[in-house]
4 protein chains.
Amino acid sequence: MAFYMRAVAIVYFSANNHTHLMAEAISEGVQKAGHQAELLRITGDQMSEGRWKDDAVMEKLNAADAIVFGSPTYMGGVAAQFKAFIDAASEVWFAQGWKDKIAAGFTHSSSLSGDKQGTLIYMAINAAQHSMTWINAGDMPSHYLGKSDGINRLGAFMGVMGQSPMVSGDEEAQLDAGDRLTCVSFGDRIAKATQRWMAAEE
Amino acid sequence: MAFYMRAVAIVYFSANNHTHLMAEAISEGVQKAGHQAELLRITGDQMSEGRWKDDAVMEKLNAADAIVFGSPTYMGGVAAQFKAFIDAASEVWFAQGWKDKIAAGFTHSSSLSGDKQGTLIYMAINAAQHSMTWINAGDMPSHYLGKSDGINRLGAFMGVMGQSPMVSGDEEAQLDAGDRLTCVSFGDRIAKATQRWMAAEE
Amino acid sequence: MAFYMRAVAIVYFSANNHTHLMAEAISEGVQKAGHQAELLRITGDQMSEGRWKDDAVMEKLNAADAIVFGSPTYMGGVAAQFKAFIDAASEVWFAQGWKDKIAAGFTHSSSLSGDKQGTLIYMAINAAQHSMTWINAGDMPSHYLGKSDGINRLGAFMGVMGQSPMVSGDEEAQLDAGDRLTCVSFGDRIAKATQRWMAAEE
Amino acid sequence: MAFYMRAVAIVYFSANNHTHLMAEAISEGVQKAGHQAELLRITGDQMSEGRWKDDAVMEKLNAADAIVFGSPTYMGGVAAQFKAFIDAASEVWFAQGWKDKIAAGFTHSSSLSGDKQGTLIYMAINAAQHSMTWINAGDMPSHYLGKSDGINRLGAFMGVMGQSPMVSGDEEAQLDAGDRLTCVSFGDRIAKATQRWMAAEE
């Protein structure tokens, strides 16, 4: 089949930078696979009275072949700022504007399990409402296979999870090395799935 | 045991008024059982850059014996405005300030199933993080028992669900009669559970 | 692209026949789209001491391009007999033998919401562990669009839901007409997604 | 208030003994609090054609003040054998025979997150159908508080989680020391909540 460069948009909220570092690592994986990744970070100043609006971001998402959703897990769910973006996309939903795009998700929190599975499930529920096609994480915990690279060390399947201790400032944030590798591998997987899914359309 | 009037706070977001009407009906049930209900409606003007803050509301919640959480189901989850309130309560969470309070939840959307179960599950997850004690809905679907009053007509168990067609303005909103009765019964149940749970503390 | 007939396996448990009727309607949709559907019904006699085993069924699943999972919702989750099949597939899981197959799910219960969303979420979690690609339901509730055909009348997104009153015997079971159409449409969608996903592999 | 000894039934399935060790530690916590714990282990020989039946176990559960549910997480959910028990309790459900009993849950798997949250959510869904009152885990991750005892090291809230490497035989199974302490503390919490909840009934 012919090779076309696919556009993978990574839309995420990050408060203390861990989720941002995960987004960067996923982007690296997408690019290594030969495709285009764009980081779209949701910020508080895009919001007014709890509602989110940014037409430029929405246009990029509408044009993308795949949308990867990312949020820290706060109080057992996506961050409110991320949910404000999700709710703003309900107009797109009603028109099913993202139908049959590729979707995937990732999250971060400071404890090992920490209700992160619930966040990934929620991201998949939202993608289901949009009739998107959901790409799961794809890497077995590598220690099952006798490896020590830390890939999928937490045991996540619906998407990718990162875990790091709480920090007092953004500049301190750093990813666990295994979580970083997991994200790069996930970016590669998402890009290749997008290429595969879109190829039949050419 | 002695009877003490218990304080049940109902904290909720409502956009087009259906969730507000559910909150009122739950309040009616609490009051019929002889207890005190307070409606605390989350509004957009309590938010700045996606973050919620209202010290007066937080003080009332801290003082309540039970907290009932309510939100419409938007895009398969709680409304962003409601989540902003939840996230603001993370300080209380870290201090476990609501530990062992009674908790319960309700939601509304325009389709019959409509991913409302996911919203109730999320509310229970949040209550679990707070180490609250979760009161489930308590009424079997009454049509199973040959009744036609519409109580629990949707078949909800982790909390109470309402469903009404979409409306174009607040003033048009009205609850299904069965959903209304379900809410009144739920208020009664929550108030009595709170009385029971608190009695041992006297 | 070239057209190849794809193999869609529908593996399900059905006690009082409603889930079986849904499986048949999905199969009809697959076949109308020009692909092959095989119904694989899980039965109690495939089980011993709570464990399921049927090598012929497993071989057919291993050979399929897509696997559609179906179960009634019992006590808020998949039927135990269906879970016994899922657990038996853990050997395939460990070898990631179903990785990158297409997956989808459907469920039935006697109340309108009835915790069916939790069942569909579980099916998606299981598919995630297998690193399968999840196809969501794809049809908006048609009454949102002013139609009365009953397609997605319940408002389900992660998969398809059916709802029918309890019956006392298999022969009485019949599907709601809207639910039946929803299943046929879902079969068509799954078949076409499988064709699209597999095309790049030729 | 008067002190009555309460009966806490712990009903669980365990394949390679980790979940059994968790049940024992929860039982220890119940007993330290001065209450009675009974371990009811579900076994394959209680099943025929995928259905579970054991009248003696059901009588004990019907007589208990609290029921604690336990299962390993297999393929992202409760074990099929445990679900067979749950499904057999649907008769009790229809009569709402466990209404207003105390309920809680625990699970174990071999990876850190490993979709265990989904299992605890399912247990809470099932308890909701029974109109039971759900007691959440109650211990913050102790490392947040600067402690190194390992209590809630995984960050679980809806119930308690254990994690241990896969073993090849039952005799090898042992709990992580922190997970064991978490279970003992959970048993204490459940017993005291049961005492509190039941006291008003005397």
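Within the set B:Phe82, B:Phe94, the sole residue that is within 12 Å of another protein chain (Cβ to nearest Cβ), hydrophobic (A, V, I, L, M, F, W, C) and free of Cβ contacts under 8 Å to residues at least 24 places away in the same chain turns out to be B:Phe94. Scanning segment C:28-50 for residues that are closer than 24 Å to C:Gln163 by Cβ and surrounded by 21 or more Cβ atoms within 10 Å (Cβ to Cβ) yields a count of 4. Contact annotation: residue pairs with Cβ atoms under 6 Å, 6 or more positions apart or on different chains, pairing a residue in segment B:103-118 that is facing chain C (nearest Cβ under 7 Å) with a partner that is of a type in the set (D, E, K, R) and surrounded by 24 or more Cβ atoms within 10 Å (Cβ to Cβ), are B:Gln117/C:Asp115.
If only residues of segment C:25-77 that are acidic (Asp, Glu) and in contact with a helix residue (DSSP H, G or I) (Cβ under 8 Å, 6 or more places away or on another chain) are counted, the one that is nearest to D:Arg51 (Cα to Cα) is C:Glu49. The lone criterion from (1) assigned to a helix (DSSP H, G or I); (2) hydrophobic (A, V, I, L, M, F, W, C); (3) more than 21 Å from C:Ser185 (Cβ to Cβ) left unmet by C:Ala23 is number (3).
Table: residues versus (1) in contact with a Lys or Arg (Cβ under 9 Å, 6 or more places away or on another chain); (2) within 30 Å of D:Ser142 (Cα to Cα).
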| position | (1), (2) |
| --- | --- |
| A:Trp98 | no, no |
| A:Lys101 | no, no |
| A:Phe106 | no, yes |
| A:Gly114 | no, yes |
| A:Gln117 | yes, yes |
| A:Ala124 | no, no |
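Considering segment C:61-71, the residues that are buried (at least 24 other Cβ atoms within 10 Å of the Cβ) and touching a Ser or Thr at 6+ places or on another chain (Cβ under 8 Å) include one that is farthest from the other protein chains (Cβ to nearest Cβ), namely C:Gly70. Checking each residue in segment C:150-195 for being part of a helix (DSSP H, G or I), free of Cβ contacts under 8 Å to residues at least 40 places away in the same chain and touching a Lys or Arg at 6+ places or on another chain (Cβ under 9 Å) picks out only C:Gly178. Residues of segment D:109-116 include at least one that is surrounded by 20 or more Cβ atoms within 10 Å (Cβ to Cβ), farther than 24 Å from C:Asp115 by Cα and out of contact with any Ser or Thr (no Cβ under 8 Å at 6 or more places or on another chain). Among residues belonging to segment B:26-45 that are in contact (Cβ under 8 Å) with a residue 12 or more places away in the chain and in a helix (DSSP H, G or I), point out the one that is nearest to the other protein chains (Cβ to nearest Cβ). Filtering segment B:26-45 for residues that are in contact (Cβ under 8 Å) with a residue 12 or more places away in the chain and in a helix (DSSP H, G or I), the one nearest to the other protein chains (Cβ to nearest Cβ) comes out as B:Gly44. Only a single item in (1) under 18 Å from the mean Cα position of the chain (by Cα); (2) within 27 Å of D:Met75 (Cα to Cα); (3) not acidic (Asp, Glu) is not met by C:Leu175, and it is number (2). Among the residues of segment A:119-131, is any at pLDDT below 95 and more than 8 Å from every other protein chain (Cβ to nearest Cβ)? No; the residues of segment A:119-131 include none that is at pLDDT below 95 and more than 8 Å from every other protein chain (Cβ to nearest Cβ). Say we look at segment C:160-202 and pick out the residues that are more than 20 Å from C:Ala33 (Cβ to Cβ), touching a His at 6+ places or on another chain (Cβ under 9 Å) and within 10 Å of another protein chain (Cβ to nearest Cβ); which of these is modelled with the lowest pLDDT? So, considering only residues that are more than 20 Å from C:Ala33 (Cβ to Cβ), touching a His at 6+ places or on another chain (Cβ under 9 Å) and within 10 Å of another protein chain (Cβ to nearest Cβ), the one modelled with the lowest pLDDT is C:Pro165.
Note on segment B:135-148: residues that are facing another protein chain (nearest Cβ under 8 Å), out of contact with any helix residue (DSSP H, G or I) (no Cβ under 6 Å at 6 or more places or on another chain) and not hydrophobic (A, V, I, L, M, F, W, C) amount to 2.
Yes/no per residue for (1) crowded, with 24+ Cβ neighbours inside 10 Å; (2) closer than 17 Å to C:Met123 by Cα; (3) touching a helix residue (DSSP H, G or I) at 6+ places or on another chain (Cβ under 8 Å); (4) more than 10 Å from chain D (Cβ to nearest Cβ):
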residue	(1), (2), (3), (4)
A:Thr133	yes, yes, yes, yes
A:Gly150	no, no, yes, yes
A:Gly155	yes, no, no, no
A:Met158	yes, yes, yes, no
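The values are calculated or read from the model by the stated rules, or taken from the named source; none is laboratory data. This structure is a prediction, so every number in the text was calculated from the model and none was measured. Cβ: placed from backbone, ideal geometry, glycine included. Neighbour counts: every protein chain shown.
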